[in-house]
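**Q** Following this message is one structure expressed as structure tokens.
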Amino acid sequence: APSIELPRGKVPRGFLGMMASWCWWDRSKEYAFAITYEGGEYHLQYPWQDGRAASVTFTRLPNTLVELHSHREFGAFFSQQDTRDEQGFGLFGVLSLAGGKPEWRFRCGVYGYFMEVQQDDIFERSGG
């Protein structure tokens, strides 16, 4: 099975909870986040963005390892617009709160080709 090697091992799982909490606090719009790697550490970033009810545009940050966004009232899936936006090389995630609890999906993108990856491929396991 394919594996993902990140510069400092897996990303702290707590980042997922922080992003979900932020999105739950104001469910009127979509949000974007970036997990970057700088100075030997992972950082959860909130880039400049314009979130709307069914879309979010944002500034891509340098040193981004994982680019994530929320779907306000939709399921955790990658839309056609997501596919058009994610044409570079990277890891991408989408969060849905539609079912009353956070649901995540992730994929690896290589210039228009995509492969779904599991949350545990990127993030520490619970308690780890």
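**Q** Looking at the range 114-128 only, could you name the residues that are out of contact with any Pro (no Cβ under 9 Å at 6 or more places or on another chain) and part of a loop (DSSP other than H, G, I, E, B)?
**A** Step one: list which residues in the range 114-128 are out of contact with any Pro (no Cβ under 9 Å at 6 or more places or on another chain), which gives 114, 116, 118-120, 122, 125-128.
118, 125, 126, 127, 128, listed by residue number.
**Q** Here is a follow-up. State yes or no: is residue 40 out of contact with any strand residue (DSSP E or B) (no Cβ under 6 Å at 6 or more places or on another chain) and more than 15 Å from residue 12 (Cα to Cα)?
**A** Working: out of contact with any strand residue (DSSP E or B) (no Cβ under 6 Å at 6 or more places or on another chain): yes; more than 15 Å from residue 12 (Cα to Cα): no.
No, not satisfied.
**Q** Right, here's the next one. List pairs: first residue in the range 107-128 and over 22 Å from residue 15 (Cα atoms), second residue acidic (Asp, Glu) and at pLDDT below 95 anywhere in the structure, Cβ distance under 8 angstrom, at least six positions apart or on different chains.
**A** Every condition considered, the pairs that remain are 114/86.
**Q** Also, I was wondering about something else. Checking the structure you have, find out if any residue of the range 45-65 is open to solvent by less than 20 Å² (accessible area, probe 1.4 Å), polar (S, T, N, Q) and within 11 Å of the chain's Cα centre (by Cα).
**A** Within the range 45-65 (the criterion being open to solvent by less than 20 Å² (accessible area, probe 1.4 Å), polar (S, T, N, Q) and within 11 Å of the chain's Cα centre (by Cα)), the answer is no, since none of the residues qualifies.
**Q** Further, regarding this structure: For residue 11, only one of the following conditions fails: (1) under 14 Å from the mean Cα position of the chain (by Cα); (2) farther than 19 Å from residue 76 by Cα; (3) surrounded by fewer than 16 Cβ atoms within 10 Å (Cβ to Cβ). What is its number?
**A** If we test residue 11 against (1) under 14 Å from the mean Cα position of the chain (by Cα); (2) farther than 19 Å from residue 76 by Cα; (3) surrounded by fewer than 16 Cβ atoms within 10 Å (Cβ to Cβ), just (3) comes out false.
The values are calculated or read from the model by the stated rules, or taken from the named source; none is laboratory data. All values derive from a computational prediction rather than experimental measurement. As a convention, Cβ positions derive from the backbone with ideal geometry for all residues, glycine included, and neighbour counts pool all protein chains shown. The protein model used for the area step is the full one, side chains on, heavy atoms only, and it has no ligands, DNA or RNA in it. Shrake-Rupley method; radii C 1.70, N 1.55, O 1.52, S 1.80 Å.
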